[in-house]
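The values are calculated or read from the model by the stated rules, or taken from the named source; none is laboratory data. A quick note: this is a predicted structure, and the numbers were derived from the prediction, not measured. Glycine also receives a Cβ, built like all others from the backbone with ideal geometry; neighbour counts cover every protein chain displayed. Quick note on the areas: whole protein, heavy atoms, side chains included, nothing else; ligands and nucleic acids left out. Shrake-Rupley method; radii C 1.70, N 1.55, O 1.52, S 1.80 Å.
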Amino acid sequence: MALVNTKEMFKKAYSEGYAIGAFNVNNMEIVQGITQACKKLNSPVILQASAGARKYAQGVYLVKLVEAASSLTEVPMALHLDHGPDFETCKDCVDSGFTSVMIDGSSLPFEENIEQTKKVVDYAHKYNVTVEAELGRLAGVEDDVDVSAEDAFYTDPAEAEEFVKKTGIDSLAIAIGTSHGAYKFKPGQKPQLRFDILEEISKRLPGFPIVLHGASSVIPEYVEIVNNFGGNLPNAIGIPEDMLRKAAGMAVCKINIDSDLRLGLTAMVRKFLAENPSNFDPRGYLGAGREALEDVVDHKIKKVLGCENKA
């Protein structure tokens with residue numbers, strides 16, 4: 001099955017009250033673990049590559065891995081650029097086979113963000129590639145994106161409405177309390193998402209797809225395994241999954257998940273190596289990591305996203 005953009009995916013997700021998982025990929029095992037779960041559960045999926053992933057694996061490797069997965073999986077699958085920093089990066093991805101791109105101008109003044117985003121939209125739409133942009137800033141660290149708590153701010157609904165109408169984007173990432181990384185809340189702090197902002201944006205932009213970044217739940221069992229086998233992740237806390245499921249039933253059509261994949265993979269690689277000290281075959285520990293990735297995605301599809309049998 002050929003790769004698709006996100007337009008029809010999001011239209012169906014919005015009307016039926018679920019979200020599509022957007023999972024970050026860096027290598028073959030990650031692609032395989034994600035897509036095997038999606039095939040088993042007949043779920044659409046977005047595989048996304050950050051700037052860091054493209055530097056690590058080289059873009060052409062990622063494109064070919066995802067194309068291979070799509071041919072074997074036969075569910076709707078998009079290849080998306082996550083946090084594209086500029087027009088040139090987005091253009092390169094459009095030209096090399098990505099079916100969706102994100103231009104992240106959230107650090108720019110509002111009018112500059114509009115100008116840069118519209119330039120990407122005008123180019124990408126000529127090739128049937130969908131475009132995501134961002135308003136508001138999420139705290140936390142993800143590859144080249146590093147925003148302090150002091151610099152983070154929520155999305156303004158009135159600005160969101162103006163931004164969408166002036167740029168022609170296909171989806172908008174908003175800031176309502178999620179954050180990048182494994183330390184989204186402090187111990188004793190009550191996790192909270194600003195559903196009032198989400199609701200106001202959906203009233204102003206009816207039917208328009210909203211995206212949540214930084215939406216890993218930081219699964220405690222994997223944090224525990226990492227720590228038990230030599231890791232050091234004290235007080236790692238994520239977004240409660242019931243809150244994410246609520247968002248998926250509203251206007252959120254795409255939920256980004258990266259940290260949970262990293263945790264699952266790292267946990268089982270650490271465990272395998274500790275329990276098999278004489279084994280030095282990469283297929284052993286990477287295979288264990290791949291199985292964990294499949295389990296993570298299976299859980300997310302069923303308990304968070306609600307997209308089982310929606311392919």
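Table: residues versus (1) of a type in the set (A, V, I, L, M); (2) more than 16 Å from the chain's Cα centre (by Cα); (3) surrounded by fewer than 16 Cβ atoms within 10 Å (Cβ to Cβ).
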position: Leu233; (1), (2), (3): yes, yes, no
position: Lys246; (1), (2), (3): no, yes, yes
position: Asp258; (1), (2), (3): no, no, no
position: Glu275; (1), (2), (3): no, yes, yes
position: Ser278; (1), (2), (3): no, yes, yes
position: Gly284; (1), (2), (3): no, yes, yes
position: Gly289; (1), (2), (3): no, yes, no
position: Lys310; (1), (2), (3): no, yes, no
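Suppose we filter region 235-244 for residues that are surrounded by fewer than 18 Cβ atoms within 10 Å (Cβ to Cβ) and either in contact with a Gly (Cβ under 8 Å, 6 or more places away or on another chain) or over 14 Å from Ser216 (Cα atoms) (or both); how many remain?
1
Here are some conditions: (1) more than 20 Å from the chain's Cα centre (by Cα); (2) at negative phi; (3) surrounded by fewer than 21 Cβ atoms within 10 Å (Cβ to Cβ). Asn113 meets all but one. Which one does it not meet?
(3)
Restricting the first residue to region 239-258 and requiring it to be among the small types (Gly, Ala, Ser), which pairs with a second residue that is open to solvent by 50 Å² or more (accessible area, probe 1.4 Å) and at pLDDT 95 or above meet a Cβ separation below 9 Å and a spacing of at least six or different chains?
Close Cβ pairs (under 9 Å, with a partner that is open to solvent by 50 Å² or more (accessible area, probe 1.4 Å) and at pLDDT 95 or above) amount to Ala251/Tyr14; Ala251/Glu199; Ala251/Pro206.
Filter region 73-107 down to residues that are open to solvent by 20 Å² or more (accessible area, probe 1.4 Å) and more than 26 Å from Gln36 (Cα to Cα), then give me how many there are.
Residues meeting the conditions: 10.
Quick check on region 68-86. Is at least one of its residues among the charged types (D, E, K, R) and in a helix (DSSP H, G or I)?
no
I'd like the residue in region 100-118 that is among the small types (Gly, Ala, Ser) and out of contact with any Gly (no Cβ under 8 Å at 6 or more places or on another chain) and, out of all such residues, is farthest from Leu62 (Cα to Cα).
Ranking the qualifying residues of region 100-118, first place goes to Ser107.
Would you check which residues across region 92-112 are of a type outside the set (Val, Ile, Thr), within 17 Å of Asp82 (Cβ to Cβ) and not in a loop (DSSP other than H, G, I, E, B) and list them?
Once the filter is applied, which keeps residues that are of a type outside the set (Val, Ile, Thr), within 17 Å of Asp82 (Cβ to Cβ) and not in a loop (DSSP other than H, G, I, E, B), region 92-112 yields Asp92, Cys93, Ser96, Ser100, Met102.
Within region 23-41, restricting attention to residues that are of a type in the set (A, V, I, L, M) and under 11 Å from Ile301 (Cα atoms), which residue is surrounded by the most Cβ atoms within 10 Å (Cβ to Cβ)?
The residue in question is Ile34.
If you scan region 51-72, which residues turn out to be hydroxyl-bearing (Ser, Thr, Tyr) and open to solvent by 10 Å² or more (accessible area, probe 1.4 Å)?
Tyr56, Tyr61, Ser71
Go through the residues of region 174-191 one by one and say whether even a single one is surrounded by fewer than 18 Cβ atoms within 10 Å (Cβ to Cβ), modelled with pLDDT under 95 and in contact with a Pro (Cβ under 8 Å, 6 or more places away or on another chain).
yes
Considering only region 59-71, how many residues are over 19 Å from Lys310 (Cβ atoms) and either aliphatic (A, V, I, L, M) or within 19 Å of the chain's Cα centre (by Cα) (or both)?
So the answer is 8.
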